[in-house]
1. Relative contact order for region 145-230 using alpha-carbon pairs under 8 Å, separation at least 6, rounded to a whole percent?
2. Just to check I understand the Karplus step: with θ = phi - 60° and J = 6.51 cos²θ - 1.76 cosθ + 1.60, what whole-Hz values come out for region 12-17, glycine and proline as x?
3. Of 90, 418, which has the most accessible area and how do the rest follow, probe 1.4 Å?
4. Which percent of the accessible heavy-atom area of region 217-353 goes to carbon and sulfur, probe 1.4 angstrom?
5. If each residue of separation counts as 0.36 nm, what is the full-extension length gain between residue 254 and residue 95 once their alpha-carbon separation is subtracted?
6. Stretch residue 113-residue 232 to full length: gain in nm at 0.36 nm per residue minus the Cα-Cα span?
7. Please determine, in degrees from 0 to 90 and to the nearest 10, the orientation of helix 355-369 with respect to the longest principal axis defined by the Cα atoms of the chain, where the helix direction is its Cα long axis.
8. Over the Cα atoms of the chain, compute the convex hull volume and normalise it per residue, giving Å³.
Amino acid sequence: MIGGGLAGLACGVALAEASWRVRLFEQKHFLGGRATSYVLPNGEHVDNCQHVTLGCCTNLADFYRRVDSADKIKFFDELVFLDPQGRRGTMKAGLLPAPFHMTGSFLTFAPLTMRDKLSIARAMLDIVAAKGKTADLAAPGGISMLEWLRRRRQTKGAIERLWRVVLVSALDEELDRTDARYGVDVFWKAFLMNSTGYRMGVPIVPLAELYAGCKAAIESRGGEVNLRSPVRSLHAEGTSIKAVQFDAGREESADAYVFAVTHDALFDLMPESIRRAEPSLANLSKIKTAPITGVHFWFDRPVMDEPFVTLLDTNTQWIFNKTMLYGEQNGATNNSEQYLQMVISASYDLLKKSRQEIIDICLREVRQALPRAQAAQLMKSTVIKEVAATFSPQPGVDRWRPQQETRVPGLFFAGDWTATGWPATMEGAVRSGYLAAEAVLRTSGSVSASEHQFLQPDLPPTGLMSMFLPKQNPK
Ligand SMILES: Cc1cc2nc3c(=O)[nH]c(=O)nc-3n(C[C@H](O)[C@H](O)[C@H](O)COP(=O)(O)OP(=O)(O)OC[C@H]3O[C@@H](n4cnc5c(N)ncnc54)[C@H](O)[C@@H]3O)c2cc1C
């Protein structure tokens, strides 16, 4: 296993459970890849960026269960939105059955006008009637989400204050650069098909702590987790893989090689003979990336009571109350202070700005949204720009995402960018890892292959949706 992000970890844990001896090599000195945390000199833990999951992310939930981390994720039923005019809206499931479970909170959602709501309701009914797959999603090369919304005559308010807010956060891309297939799928799986799919799961520990059980799961079955072990290249003779190569000419060989690195790192690791044999490698450069910026503020006093809020019409998209979420668990946190983390997805405009400019923008917006922050002193702040945070879900991108099983015997790919049908998320990464593990077992002729299905089914439809949707199967 080359790469110790979520894809490599999910694949490694699954194969270890299938009695394979897994040897995992990660270039950094910690696990978790893009979804991890590190420790500041004062002992404080900081996530590289806030990560959240949703109720519909069934494979990530399964992975956390396998590695004993499920109790480190807290799920919330209510999503709170604030606009600059001070209006507050909440989204929450009520008593009505799916797909109408959000109707109560939607009708009283103050930041949207009645015209906005009527246009949104029309589009949602369109998604429901098409069972999540409206005919125009199948257009060759895909259509953009913005085009999909225009075809359904969505109002400006509906686009800016609902569709864009939800989708830019979920998919890390602007609506005109997002394949509508992904956008519609978010609403179908999280908000319409099942009444719990939208529930937001937030880690209550620093991200790196979620992976402690992975090392144990792999090592207890005779495997190894090697940190600070960058793989430099693949040694192949023709299409026969001989080994992976490390620094100082060291080589390690295996029955199967799963490359769970990022798509932009993969191509350079492959020798010419493998590039020729596996045509999907030539398409990797067509998969573009998108940025996310995380901003961390430490105030000298509490300024926020909610665990998290979404801001409307601002650069800052989310504010997370890390002090409340971590509770007593983060050693350096003093109860009279408050640590907040802000997230800005698809943050192209911020890439050109200096850290101080980004801090000034966010501070202004936080102080407007949270009046108590106006008198509070900002004691410390930091900005983390992840330039290539995720792959960009551009129209037609699925054409370039390779399967986990390749044409080269013994060579497999895993990573959120491989063909999972999901966007670049922790759920997508775990799905890719499970699919790669299944491919390893299938192609090795392992007697246990048929017993080992790791991929989990989607949430079952609930309410009225359960009456007219077929039962789900995992694939
Ligand atoms: C700022 C930010 C915010 C995000 N927010 C969310 C969120 O809220 N919810 C969500 O679901 N997703 C979120 N994501 C996306 C999520 O983090 C990723 O989709 C997921 O973690 C990808 O996992 P992966 O294993 O595919 O890739 P990675 O995590 O990138 O793992 C690849 C691993 O391979 C290692 N590696 C690379 N080259 C080599 C080599 N030559 N030898 C050995 N090791 C190597 C890397 O060090 C890395 O550990 C966010 C991402 C970022 C960056």
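1. 21
2. Here the 3J(HN,Hα) series is x, 5, 5, 5, 4, 5 Hz.
3. Final ranking, largest accessible area leading: 90, 418.
4. 45
5. Full extension of this stretch gives 51.8 nm more.
6. Here the answer is 37.2 nm.
7. 40
8. 148
The values are calculated or read from the model by the stated rules, or taken from the named source; none is laboratory data. Here the structure is a predicted model, which means the values were calculated and not measured. Note that we place each Cβ from the backbone using ideal geometry, even for glycine, and neighbour counts take in every protein chain shown. Keep in mind that these areas ignore ligands, DNA and RNA; they rest on the heavy atoms of the full protein, side chains included. Shrake-Rupley method; radii C 1.70, N 1.55, O 1.52, S 1.80 Å.
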